[in-house]
Every structure is written in structure tokens, then in C-alpha cells.
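Below is one structure; the comments refer to it alone.
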């Protein structure tokens with residue numbers, strides 16, 4: 001196993017990912033699976049050091065140096081709302097119905113602090129690549145308003161915040177969300193993260209009509225790409241690599257735009273044909289994914305079929321010559337009663353004949 | 001589209017601000033609220049659903065159309081209530097316990113309303129007991145269960161069991177990203193809708209099968 005401790009700079013984190021790709025490395029986003037093998041998983045997520053231990057345990061279990069945190073995309077919303085007096089229990093269903101005011105500056109506390117402590121624990125081990133995790137500003141915005149789709153569409157038609165209150169709420173939530181995402185990214189970098197997995201699953205064709213985008217990309221660029229570029233600039237300044245994840249259904253134009261982010265690695269969902277996307281993504285960006293792990297619970301998808309899919313994807317990606325790490329389309333969730341079924345399929349794709 | 005009434009056209013195109021005047025024009029022309037719903041709104045939303053199924057439009061266009069329809073119903077529903085007109089079917093819909101995703105559920109609710117089904121939206125993270133209770137409380141003939149996460153699929157199974165335990169002759173249609181028709185059959189649901197555009201056809205099919 002390679003030691004990321006010997007590769008402390010931004011450049012070498014990217015090199016590590018490329019080296020892993022060249023070695024035919026395979027790994028799932030599997031921390032949730034391993035966490036829920038522990039009977040006290042609920043207590044573990046409340047203690048940074050123990051959570052870090054599970055992240056490291058996951059890396060060991062799947063024989064990877066990539067220490068991937070839980071893909072918990074509720075943390076930023078809870079923190080943002082918490083700073084405005086909204087209780088954590090109310091956070092999941094809380095929505096702004098008017099533009100939120102300035103509020104206080106983002107402060108890393110609660111579950112954000114626990115996640116940072118977990119990264120610190122992983123970094124202390126020295127033989128893993130400590131990674132951070134965060135939600136993208138657009139996806140965070142979609143959690144902050146009750147109906148984000150309609151105002152995004154209206155804004156794409158040219159409706160301004162001054163003309164439509166719902167557009168004003170969306171645009172203010174985007175601004176506010178970016179502040180929190182940046183603060184959390186900086187905190188994770190400070191805790192020792194060498195790469196940040198930025199998840200923007202709502203940037204997809206459910207939220208952006210391909211018909212509207214065919215007439216112009218201004219709204220996608222303004223609502224999705226500009227905030228992502230701001231985060232990328234912050235990560236560059238911090239010496240942290242970007243790993244971009246979007247498991248939503250995408251158009252080619254969206255992939256082309258994400259490809260310009262200069263991410264060290266990009267992870268797409270199983271709706272994408274990665275061997276075709278390889279033409280759209282620069283060679284200095286590793287492609288990751290994208291076996292349909294959301295379907296691993298299904299009895300209709302056999303272990304044998306998963307092995308076959310893994311071998312097929314691996315062969316197709318090798319044929320492209322693009323740096324590639326075989327993995328999951330998203331985080332692999334542990335489902336009560338189906339743990340073994342899911343884990344068997346993860347192990348099948350890790351062991352499938354290349 | 002050119003053969004459709006201007007109100008239907010406005011709804012399909014999501015031109016919400018034009019809708020109140022067009023509804024008023026229909027009323028001024030002597031059409032009653034029930035006729036407007038059945039001949040102007042329902043056909044327009046059915047057409048929207050068909051276009052969605054054929055990938056001619058996408059979720060945002062569908063939502064914008066549904067908003068325009070809602071604008072029309074805002075004017076028409078008081079008239080319908082005053083006239084004692086009720087939709088033929090009532091549905092209860094929600095996202096199952098543990099799941100907070102609502103886009104698919106909202107779309108199906110809008111499409112069912114567009115098909116002139118009375119829809120009681122229970123929201124997200126709805127317990128099996130709450131679904132079962134709502135079926136009785138609202139006299140529903142149809143239930144829609146949504147789940148986006150694989151982790152909440154077991155909740156869908158227990159919800160179907162809880163609804164069946166009430167003994168009411170209700171039809172259950174399920175949907176969501178990880179859901180398949182095989183899973184629907186396995187857990188004893190009556191129907192499966194892979195998308196919101198198909199949800200109306202599926203609802204009508206299961207209701208017809210049970211009548």
C-alpha cells in the first residue's frame with residue numbers, strides 16, 4: 001500500500017490517484033457499509049476519532065489507500081440552519097420561503113467538527129489519503145427551498161430575482177450555501193484532507209431542462225459552475241485536490257462543463273457510459289465509478305452479473321486508455337436485512353476478472 | 001397543440017400568468033367549473049404526461065405546467081366545492097419513512113391532480129401507520145408510495161403490509177429510483193410507475209382492474 005504521507009503536495013495527491021488508476025485499482029465508496037457492521041454505529045458518528053477509525057477500517061477492508069468519509073450531504077444544511085436557531089431535528093424539512101438575511105459568519109461546529117476530527121484521526125495514521133466530503137452549493141440550495149426546480153427554470157427563462165420572489169430565495173440560498181461550503185472545505189483541509197469529494201448530484205437534467213440548456217447555458221454556468229469554480233479556487237489555495245461527484249442524470253454538455261474543473265478525479269453515476277465520457281474528460285482527470293450500486297439490493301441483479309459488468313466496464317475503460325478507477329456509482333448504503341447481499345456484490349466487483 | 005383551447009395551451013406551456021384571464025373567459029362563456037377541468041385542464045396535463053414519457057419535455061417543463069394548472073384550480077376549486085362536485089377517485093400519496101426526497105412524489109401528485117384525482121399529500125418521511133390511517137380517514141381508493149433510497153425500500157414493504165392490514169380495498173402504486181416492477185410484485189403492491197408520466201396510466205389501470 002502506498003503511503004500518502006510521502007506525497008504531501010497537491011501534485012502528488014493527483015499523482016497518487018493516477019498511479020492507482022495505472023495499477024488497475026478498485027474501491028467502493030463503502031464507509032456506510034462498514035459503519036453499519038458496528039452495533040453502535042449511532043454512537044460512532046458522534047465521535048470524531050471513532051468515526052475516523054471506521055473510515056480507516058473501511059479503507060483497510062477494501063484494500064485501498066483512499067480514506068473516504070461518509071457521504072452525508074445533510075451536514076452543511078444542518079450547520080447553516082443551526083446558526084439561525086433551527087434545531088437539528090427540524091433541519092431536514094426546513095425550507096426558506098423568503099431570502100435569508102446575512103446571519104452570522106459560518107462556524108464549524110457540531111457534525112462538521114466531528115467530521116473534521118475524523119479526518120484528523122485518519123491523517124494521524126499516516127498511510128492513508130485523508131479525504132474530505134461536502135455538498136455542492138447548488139445541491140445545498142435545493143435542500144433549502146421547497147420547490148427549487150420551478151424558480152431555476154424561470155431564472156433560465158430570464159426571470160430575475162427582482163421580478164420573482166422564488167428566484168430571489170434561490171439566489172440568496174446559493175450565496176449563503178457557498179459561504180458555508182467554503183468554510184467547511186477550509187476546515188477539512190485544516191484537519192488534514194488532501195482531497196475533497198464535492199458532491200453536486202442535483203446538477204442534473206431533473207433541475208435543468210435540456211431544452212432550456214439548448215438555448216443557452218447561462219443559468220447552469222451561473223448557478224452551478226461559477227460556485228464550483230469558486231470552491232476549486234479555494235481548494236487550489238489550500239493545496240487540496242478536487243474530486244468531483246455527480247451521480248445525477250447528465251447531458252453531454254454538463255459533462256463537458258464538469259470536465260473543465262481541473263478535478264483530480266471525477267465520479268459519475270451509472271447512467272453515464274464512462275468509456276464515452278472519457279473522450280470529454282481531460283487525461284489529467286481520473287474517471288471513477290460507476291457500477292450501479294444503488295441496484296445491488298435487488299435480487300434481480302446477481303453476483304455473477306455484477307462481476308460481468310465490472311469486467312466489461314474495466315475492459316472498455318482500458319481500451320480508452322483514460323486513467324480509471326473501478327468503483328461504485330455513489331456511496332454504497334447498508335440496508336437493514338440486505339447487508340450480506342450488498343456486500344457480496346461489492347466484493348464481486350472488486351474481485352472480478354480484469 | 002394548435003387545436004387545443006388557449007387555456008389548455010397556456011397550461012401546457014406553463015404560462016401561469018395568462019391562466020386566470022383564460023379561466024375567466026371560459027366561465028364568462030358559460031362553461032361550468034367541472035367542464036373546464038374535464039375538457040381544458042385534464043387533457044392538457046394528460047398531454048404533458050405523454051410528452052414527458054416520450055422525452056419531449058423534462059421535469060422542469062412538467063412542473064411549470066403543473067403550476068399553471070394549479071393556478072386554474074385555485075380559481076375553480078371553490079366553484080367545484082360550491083357545486084358539490086368531487087373527483088371520482090381519491091389518492092393518498094407520500095414518501096415512505098426514513099426518506100426525505102419529494103421531487104418524484106410531488107410530480108406524481110401533480111399528475112394525478114391533473115387527471116382529476118383528489119390527492120392528499122402526506123409529505124415525506126411518512127410512517128406506515130400514518131399511511132394506513134390516512135387511507136381510512138380520506139376514503140382513498142389509491143395510494144402512492146415513493147422512495148429514492150435503497151435504504152428505505154424495506155419501509156415501503158412494511159407500509160404496504162400496514163395498508164393491507166386495514167382490509168380496505170385500496171390500490172397501491174409505488175415508484176422511485178431504486179424501485180422495479182419485480183420489487184412491486186414482491187412486496188404486494190398493485191402497480192409500479194417508473195416515472196411521473198406513467199403514473200396516471202398506471203393509476204387508471206389498477207383502479208379499473210379493481211372496479
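Every read-out reported here was derived from the displayed coordinates using simple, explicitly stated rules and does not represent laboratory data. From a predicted model like this one, the values you see are computed outputs, not experimental measurements. Cβ coordinates were reconstructed from backbone atoms using ideal geometry, including for glycine residues, and neighbour counts include every protein chain displayed.
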Review point. Any idea how far the Cα center of the range B:152-205 sits from the one of the range B:52-68, in Å?
Key: 23 Å
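Rank the residues A:275, A:180, B:112 as a footprinting-exposure proxy: fewest other Cβ atoms within 10 Å of their Cβ go first.
Values: A:275 18, A:180 24, B:112 27.
Ranked by crowding around the Cβ, least crowded first: A:275, A:180, B:112.
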**Study point:** Gyration tensor over alpha-carbon atoms, chain B, equivalent ellipsoid semi-axes in Å
**Key:** 31, 19, 14
Check your understanding: So what's the range A:63-108 giving for Cα Rg divided by 2.2 N^0.38 Å, two decimals?
Key -> 1.51
Practice item. Once you have the Kirkwood Rh of chain A from its Cα pairs, apply Stokes-Einstein at 10 °C and 1.306 mPa s and quote D in µm²/s. Key: 77 µm²/s
**Study point:** Cα-based helix-to-principal-axis angle, A:303-320 vs chain A, degrees rounded to 10
**Key:** 80 degrees
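If each residue of separation counts as 0.36 nm, what is the full-extension length gain between residue B:164 and residue B:185 once their alpha-carbon separation is subtracted?
Working: separation 21, 0.36 × 21 = 7.56 nm, distance 1.40 nm.
Full-extension gain reported as 6.2 nm.
By count of other Cβ within 10 Å, fewest leading, how are B:45, A:133, B:12 ordered?
Numbers: B:45 25, A:133 29, B:12 22.
The most exposed by this proxy come first: B:12, B:45, A:133.
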Practice item. Would you kindly give the portion of the calculated P(r) for the range A:212-298 that falls above 21 Å, as a percent of all Cα pairs? Key: 34 percent
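Any idea what diffusion coefficient the range A:251-311 gets from Stokes-Einstein, in µm²/s, Kirkwood Rh on alpha carbon pairs, 4 °C, 1.567 mPa s? Write out the running numbers ahead of the final one.
On the way: Rh = 12.8 Å.
For these conditions, the coefficient is 102 µm²/s.
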Practice item. Please work out the Cα center distance from the range A:85-123 to the range B:75-136, rounded to the nearest Å. Key: 32 Å
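For the range B:87-211, what is the Kirkwood estimate of the hydrodynamic radius, computed as the reciprocal of the mean inverse distance between distinct Cα atoms, to one decimal in Å? Mind showing how you got there, number by number?
Numbers: mean 1/r = 0.0732 Å⁻¹.
Radius from the Kirkwood sum: 13.7 Å.
Starting with the fewest neighbours, write out B:172, B:187 ranked by other beta-carbon atoms found within 10 Å of each beta-carbon. Let's see the in-between values first.
Numbers: B:172 24, B:187 19.
Fewest to most other Cβ atoms nearby, the residues stand as B:187, B:172.
Residue by residue through B:151-161, how many Cβ atoms from other chains fall within 10 Å of the Cβ on average? Present the calculation step by step, with values, prior to reporting the outcome.
Details: counts 8, 2, 5, 5, 1, 0, 1, 0, 0, 0, 0.
Rounded to a whole number, the mean comes out at 2.
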**Study point:** In degrees, nearest ten, helix A:10-22 long axis to first principal axis of chain A (Cα)
**Key:** 50 degrees
Review point. So how do A:90-97, A:20-27 stack up, highest first, on mean other-Cβ count within 10 Å?
Key: A:20-27, A:90-97
Exercise for review: Take the range A:112-257, compute every pairwise Cα distance, and split them into 10 Å bins from 0; I just need the percent in each bin.
Suggested key: 12, 39, 30, 15, 4, 0
Study note, to complete from the structure: Place a point 7 Å from the Cα of residue A:164 in the direction of its beta carbon; the residues of the range A:220-260 whose amide N falls under 11 Å from it are none
